[in-house]
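One structure below.
The values are calculated or read from the model by the stated rules, or taken from the named source; none is laboratory data. Keep in mind that what you see is a predicted model, and the values were worked out from it rather than measured. FYI the Cβ positions are ideal-geometry reconstructions off the backbone, even for glycines, and counts take in every protein chain you see. The accessibility values were calculated without ligands, DNA or RNA, using every heavy atom of the protein model including side chains. Shrake-Rupley method; radii C 1.70, N 1.55, O 1.52, S 1.80 Å.
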Amino acid sequence: MSDTLRNQLLGLGFKPSPGKPADRKRKGGGGNKPRQNAAAGKPARGGGKARSREDIDLGKAYAIRAQREKEERIAAEQARQEEARKRREARARLAEMLEGKALNRDDADIARHFEYGGKIKRVYVSADQLKALNAGELGVIQHNGRYLLVGADVLAQAERLFAPAVALKVDPDAPVADDPYADPKYQVPDDLVW
């Protein structure tokens, strides 16, 4: 019964763990000697497994992908900043062009509603301005939080400079869409102003 526990377990069918040598002897100093790399005669690094070529290639691929994603983020940020710079310059040119050309009147009492930016907005106009606005002779430009009434020529210049600033542009030649409420029974009363 001089068999060790290890030999008894091996006899029962247990296999030695892959990280440890199978025939390591306790006697004779298996202790603090560094292991040798069999191929080169050099000490093994860190005692771990050697990395396979697939692991190295996968690591390089991840590094390349991370670098590419970083470059794409930088390029997207630069494009966003360039777009913001162009918008600021266009707004500045628009402000110069609109100087003194607004037709808004303090005594205007008719609210003309329109859709801009997904919301219903309004500008106050006089009766003759309302007719000209609905005929396409006038238009509305959003500038610094205000809605300015301008002539059609100024509106066209503003559209060339900075198209998002055009809040209301009526095209009198536009075809009328099929409107289910065009029937005379849905006619708006004369005293209701929209």
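Projected area of the stretch 54-175, taken from the Cα convex hull and averaged over every viewing direction, in nm²?
It is 11.6 nm².
For the stretch 54-175, which whole percent of the accessible surface, found with a 1.4 angstrom probe, sits on carbon and sulfur atoms?
That share works out to 49 percent.
Considering every Cα-Cα pair within the stretch 91-135, what fraction, in whole percent, is farther apart than 13 Å?
For the stretch 91-135, the fraction of Cα-Cα distances above 13 Å is 64 percent.
Expected output is a single nm value to one decimal: the length gained when fully extending between ASP106 and PHE14, i.e. 0.36 nm times separation in residues minus the C-alpha distance. What is it?
23.3 nm
For the stretch 54-175, what is the accessible area per residue in Å² when the probe is 1.4 Å?
About 68 Å² of surface per residue is accessible.
Determine, from the Cβ-Cβ distance of ILE56 and ALA76 and an R0 of 22 Å, the FRET efficiency 1/(1 + (r/R0)^6), rounded to the nearest 0.05.
Efficiency computed from Cβ-Cβ geometry: 0.10.
Which pairs in the list LYS70/LYS169; LYS86/LYS121; LYS60/LYS86; LYS70/LYS119 are over 32 Å apart, alpha-carbon to alpha-carbon?
Table pairs above 32 Å Cα-Cα are LYS70/LYS169; LYS60/LYS86; LYS70/LYS119.
Can you find, among HIS143, GLY118, ALA90, the residue farthest towards the positive end of the dipole of the stretch 54-175? Put +1 on the C-beta of Lys and Arg, -1 on that of Asp and Glu.
Of the options given, the answer is HIS143.
Pop a pseudo-label 7 angstrom from the Cα along the beta-carbon direction at both ARG87 and LYS121 and give the gap in nm to one decimal.
It is 1.5 nm.
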